[in-house]
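The values are calculated or read from the model by the stated rules, or taken from the named source; none is laboratory data. Quantities reported herein were computed from a predicted structural model and do not represent experimental measurements. For neighbour counting, all protein chains shown are included, and Cβ atoms are generated from backbone atoms with ideal geometry for every residue, glycine included. Heads up: the accessible areas ignore ligands, DNA and RNA and are worked out on the full protein's heavy atoms, side chains in. Shrake-Rupley method; radii C 1.70, N 1.55, O 1.52, S 1.80 Å.
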Amino acid sequence: MKQIIPMVVAALVGVGGYFAFVHEPSTPAPQIAAATLETPAGEPAANADGEIDISTIPDMMIGNPDAPVTVIEYASYTCPHCASFHSGTYKSLKTDYIDTGKINFIFREVYFDRYGLWASMIARCAGPEKFFGVTDLLFAGQSTWARAGEPAAIIGELRKVGRLAGMNDELLDSCLNDETKAKTLVEWYQASAGADEIESTPSFVINGTKYSNMSYADMSVILDEAAN
């Protein structure tokens, strides 16, 4: 189980205090996004109080929004335990509870590092209809893209995942260079994970109660009880 480190913003800042949104060497790179979180070149949208407007970040959900049980998963795309959950427990959960409309399932990203943030930006750029499919691809290929080595290599592998989901290079360039989206996502993550007191991944909030990682058998008992 991966532990969340306070003040995670520092982990999302690249070498020299910059995001390194780099591209494959073989692909002509558009303007590289490079701005610190503290002094951004392009400010995220702000609300009336001058704060970053995280309302622009929607929850990604699947299942029945009117179900009596809502499950929120907090996970990082670079967390091995999260990948294990999605390769096993989640598949049974989807078959027995999500696809049958018994629960509403919400996925919220946690950012331990910039690589997980980049993965999140690609998944969200694919759109709500493809988000969970891209998430499945990211977790299934985690050992490949997350361990590719240098940032440019990791970006190259993430772009391959995006292409598998039907995203072209123009869209991928636009997604990975969206400084405003990156900074807003970080602010959104901190607000949502902080509100639910998330300390590790994967973690779950089931009808308002927080749980740590668990087996499918244990989760199904909790879900059945919550539905009654």
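Some points to look at:
- Taking a ≥ b ≥ c as the square roots of the eigenvalues of the Cα gyration tensor, region 43-159 is classed as oblate, since a/c reaches at least 1.5 and a/b does not exceed b/c.
- When you filter the GluC sites (Glu not before Pro) in region 143-220 for DSSP loop state and at most 13 other Cβ atoms inside 10 Å of their Cβ, you are left with E197.
- The trypsin sites (Lys or Arg not before Pro) of region 91-187 meeting both criteria, a DSSP state outside H, G, I, E and B (loop) and at most 12 other C-beta atoms within 10 angstrom of the site's C-beta, are R147.
- Surface composition of region 47-179: carbon and sulfur make up 49 percent of the accessible area, probe 1.4 Å.
- Average accessible area per residue (Å²) across region 97-164 - probe 1.4 Å, nucleic acids and ligands excluded: 35 Å²
- Working note: Karplus 6.51/-1.76/1.60 with θ = phi - 60° gives region 91-103 the couplings 4, 5, 4, 5, 5, 8, 10, 7, 5, 8, x, 6, 9 Hz, where Gly and Pro are set to x.
- Gyration tensor verdict on region 133-176 (Cα atoms; rounded if a/c is under 1.5, prolate if a/b is larger than b/c, oblate otherwise): oblate
- Too-long pairs where the Cα-Cα distance tops 28 Å, listed order kept, from K130/K181; K183/K210; K102/K181; K91/K183; K102/K183: K102/K181; K91/K183; K102/K183
- Three-way shape call for region 72-112 based on the alpha-carbon gyration tensor, with the a/c threshold at 1.5: oblate
- Net lengthening on full extension, V221/E197 (0.36 nm per residue, minus Cα-Cα): 6.3 nm
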